[in-house]
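The values are calculated or read from the model by the stated rules, or taken from the named source; none is laboratory data. Note that this is a predicted model, so its numbers are computed, not measured. All Cβ positions, glycine included, derive from the backbone under ideal geometry; neighbour counts span all protein chains shown. In case anyone asks, the SASA skips ligands and DNA or RNA and just uses the protein heavy atoms, side chains included. Shrake-Rupley method; radii C 1.70, N 1.55, O 1.52, S 1.80 Å.
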Amino acid sequence: MENMDDTSGSSFEDMGELHQRLREEEVDADAAAAEEEDGEFLGMKGFKGQLSRQVADQMWQAGKRQASRAFSLYANIDILRPYFDVEPAQVRSRLLESMIPIKMVNFPQKIAGELYGPLMLVFTLVAILLHGMKTSDTIIREGTLMGTAIGTCFGYWLGVSSFIYFLAYLCNAQITMLQMLALLGYGLFGHCIVLFITYNIHLHALFYLFWLLVGGLSTLRMVAVLVSRTVGPTQRLLLCGTLAALHMLFLLYLHFAYHKVVEGILDTLEGPNIPPMQRVPRDIPAALPAARIPATLLNATAKAVAVTLQSH
């Protein structure tokens, strides 16, 4: 009996332990399910947070790129600042020196390494061309004056400077592109003087006199500088002869052929500038009977109406 009672007691204890273990497993399963739901909620929330962080990072990078671009633009402008940092007294002295040929060509002569003076001279030449076209008898559209003058002046300055620099490179001359731009730009001072005077005083003899004196002095100045920086007579002749011919012929072109060429181009593109047709009153023939209003009265009335319409 004692053995039976012990066995039954152990059986009850085993049943209790089994029941408690089942309850613990249920609790663990519920906790795992709750944790899984919390993880899903946190996962969605974490995905939204990650997306917002990515958007904020992209906006930051875009702002950073724009700021660096603005800084690089300012840095590029700052690079050009030394070429325009010049005093007015220096520009005035260089303008006067551009009209005085040098005598010593045994060693390289100094060339100003700035672009303020040449650029202002090119714009001055543009203004003089506009003045000359307005004061001449050339019939031209107002909208095309500025663009044509700017294209001509800047085209000559940049194009001839590049061409002479290329020849200087072939002839082994000691000159840079910046120095060539400055040399040719200051050489336009003579052109400005000649054109400003001859556009207001229309005398061909006066133009040829200033062309030889003023234009010749500025050309001799540039030729002397190039001679001092070039070695060899053949190279000097080729380089300096080309520059002198282009510079003197450009002055002739601006005085004689520029207006006509521009007018011809515009007539080709837009058609000739034909004045509008005007209405002229005609006399009424006197073929009416004598009983009616005389023809002279009708003619006078018609002419008066025509004059009134034209005045309005």
Can you confirm whether H191 is under 26 Å from I128 (Cα atoms) and either free of Cβ contacts under 8 Å to residues at least 24 places away in the same chain or basic (K, R) (or both)?
no
Checking the structure you have, find out if any residue of the stretch 237-253 is open to solvent by less than 10 Å² (accessible area, probe 1.4 Å) and polar (S, T, N, Q).
no
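Does G147 count as open to solvent by 50 Å² or more (accessible area, probe 1.4 Å) and not aliphatic (A, V, I, L, M)?
The answer is yes for G147.
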Hey, any hits in the stretch 157-171 for a residue that's open to solvent by 20 Å² or more (accessible area, probe 1.4 Å), more than 30 Å from V227 (Cα to Cα), in a helix (DSSP H, G or I) and not basic (K, R)?
no
Go through the stretch 195-232 and report how many residues are among the β-branched types (V, I, T), within 31 Å of the chain's Cα centre (by Cα) and farther than 20 Å from L121 by Cα.
0
Please enumerate the residues belonging to the stretch 110-124 that are touching a residue at least 40 places away in the same chain (Cβ under 8 Å), part of a helix (DSSP H, G or I) and either open to solvent by 40 Å² or more (accessible area, probe 1.4 Å) or farther than 18 Å from L226 by Cα (or both).
G117, L119, L121, V122, T124
